[in-house]
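First comes the structure, then the notes that go with it.
Taken together, the values in this text are just the output of simple stated rules run on the coordinates, not laboratory data. Values in this document were obtained by computation on a predicted structure and should not be read as measured data. Positions of Cβ are generated from backbone atoms using ideal geometry, with glycine treated the same way; all protein chains shown enter the neighbour counts.
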Amino acid sequence: MKTIVRRQLVATIVTLLSAIASVSPAEAQLLDRIKQAAGIAQRVAPAVITISTEQEVEIGRGIAATIAGYYGVVQDPQLTRYVNLVGLAVASVDPRTDIAYRFAVLDSDDVNALAAPGGYVFVTRGALALMNDEAMLAGVLGHEVGHVNRRHVVNEIRARARTELGLEEITEQINLTGEEYLEQTIQLGTTALFMGLSREDELEADAYGVKVAAGAGYDPKGLTRFLAALPNAEAERRSLLAKTHPDIDDRLDEIDDAIDDLETDDATVTASDRFHDRSAIETPSSGGR
Amino acid sequence: MASYRIPLVFIAGLMVASQLAAQDDLGAMLDARREAIPKQKRVFEETWLIPADGAEPNAEPRFAGRVVVFQDRPKERLEIRRAAADQLEEPIVIVCDGRRYHLVTRVGATELISSEPVADPFVQLVLASPAGRAEPHRTVTDSDGTTTAIVLRHKRDPDFDEDDAFELKRPQVESSLLKKGLSSFSAAQDRHVAASAGARGVDEIETANGKVSVTPDPEAVWWMEEHSVPPLEFEEFRIEARLAPYNDLPEPQTVDPEA
């Protein structure tokens, strides 16, 4: 709307200038200044940066390919199926019906979980090794589904594209998945993931994870138990997670509040036995770090 | 030749008579169903579980299908999706216009009583078992008292468009009336993602621990996309742990072999 108003303003000024073509030197100087102002108004009109679902999935696949290249994906069909089943159970509580959710295990001892736009969600071997039950996995995957459903990375790309892709002075609608911008857009999204999203986004994803895990029937304290288990991992293995997420105590406070807000009291499933039966890795991966 | 004519006519007559009797039964059953539609407008989704053929009495029931019901007395719409192989079939859409029940297809509507799907045992079971008023789950039994189905019911937002739901001339056959529901979620999960552009990735990333070179792995993404979960396996997984929507499903009764 602001763009339209600015364009109308520019058009009005130009019309005015045409109408008063014969003027005195002083008036001409004033008109020059008005012309300059009009030019600036035209240039600073912000680019319209929208990202459709199709574009989101295309960008998400590129980011997912980069994540897979960085860590390697465990190509164990049974384990992947199990992680998908738990992930879909939490995703189905508040689903985005315009995307398909996919879950996979990353071949790394690092403790981490990531979500690319469009529904590509990953959890590392190292994170799985810290878990004792399915509710913990559900809490972690619920947090990542929250990032997808709230479009946190997509919004980060939109915010950064204007300055980092030099789109400030462009007044047309931009296709970020065109040849010119796709790679840079994937770069922006990947950087956002590996440098960290905002504190607000992370805390929102924590509350969301609790909500959908409980909605699926899982014990909502699964995410709490996972965060409490983090110190059990080697410091080096959790350094990236620590640098890209808020302080654990702040997260635990947010999670406690979210649990207090839950309207259900029949979310009690931990499925510990099933987790131990089905989370073992039996097949090598596509690579690893 | 003539000697065979009378018995053939007689047999044909018997078949027609039994068909008419069956239609009468079905008509009476549909009348009863229509009468049972409550006063308040409502939408709910039912998950149907039935005992597996030949299973022990204490065995876990199997996921049989899902039904979305829109009611605004005396009108009703049912979207019945049966489980087949490892998928949910396209919905069978049945609409009551306040007087009769119709089968609705993409090309129009025909009276349900003479349509083919009405012969399906699962469709008959659904039609013969109208939901009660408030219970979150119910057990359907036959005349011998044997359990034929366990039905879990979940309320949905009752704010739907009656014109779309009960339209017969230009029927809506897609499950688009539910803005957000498990049916459309399943459809999204089934959607094939074209493995074309977009999985190219980038070869250097900046992390909180510094810059790192990467070789993108688009094949791992395709592998991920190929390993989706069949819908029925997803249902069995949730039933096994009593995850939603199966939280209220009774546990199978254990049978004491000594007893």
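Using θ = phi - 60° and the Karplus relation 6.51 cos²θ - 1.76 cosθ + 1.60, list the HN-Hα couplings for region B:205-218 in order, rounded to whole Hz, with x at every Gly or Pro.
10, 9, 10, 5, 9, x, 7, 9, 7, 9, 9, x, 10, x
Roughly how many nanometres apart are two label points built 7 Å out from the Cα toward the Cβ at B:Asp86 and A:Gln29?
Result for the modelled spin labels: 8.2 nm.
Search the structure for amide H atoms under 5 Å from the amide H of A:Gly217, placed 1.01 Å from N in the peptide plane, and list their residues when 5 or more places away or on another chain.
For A:Gly217, whose amide H was placed from the backbone, the distant partners under 5 Å are B:Ala244.
From other protein chains only, count the Cβ atoms within 10 Å of every residue's Cβ in A:181-189, then give the mean.
Values: counts 0, 4, 4, 1, 1, 7, 6, 1, 1.
Partner Cβ neighbours, averaged per residue: 3.
Under the rule of at least 5 residues apart or a separate chain, name every residue whose amide H is placed under 5 Å from the amide H of B:His137.
B:Arg153
Pull out a ≥ b ≥ c, the square roots of the eigenvalues of the alpha-carbon gyration tensor of region A:66-205, then state rounded if a/c is under 1.5, prolate if not and a/b is larger than b/c, and oblate in the remaining case. The partial results should precede the final answer.
Working: a/c = 2.10, a/b = 1.85, b/c = 1.13.
Prolate, since a/c reaches 1.5 and a/b exceeds b/c.
On a 24 Å Cα-Cα criterion, which of the cross-link pairs A:Lys211/B:Lys41; B:Lys75/B:Lys155; A:Lys221/B:Lys211 come out too long?
Details: A:Lys211/B:Lys41 29 Å; B:Lys75/B:Lys155 18 Å; A:Lys221/B:Lys211 35 Å.
Too far apart for the 24 Å limit: A:Lys211/B:Lys41; A:Lys221/B:Lys211.
Apply the a/c threshold of 1.5 to the C-alpha gyration tensor of region A:124-248 and tell me whether it is rounded, prolate or oblate. List each step's numbers first, then the result.
On the way: a/c = 2.86, a/b = 2.00, b/c = 1.43.
Judged from the Cα gyration tensor, region A:124-248 comes out prolate (a/c at least 1.5, a/b above b/c).
Express in whole angstrom the spacing between the alpha-carbon centres of region A:175-197 and region A:240-261.
Using only Cα atoms, the two centres lie 27 Å from each other.
Can you list the HN-Hα couplings for region B:149-158, worked out from phi with the Karplus curve (6.51, -1.76, 1.60; θ = phi - 60°), rounded to whole Hz and with x for Gly and Pro?
6, 10, 10, 9, 10, 10, 5, 10, 4, x
Long-range amide H contacts for B:Asp217: which residues qualify at under 5 Å (H placed 1.01 Å from N, peptide plane, sequence gap of 5 or more or a different chain)?
Close amide H contacts, sequence-distant or interchain: A:Thr66, A:Ala68, A:Gly69.
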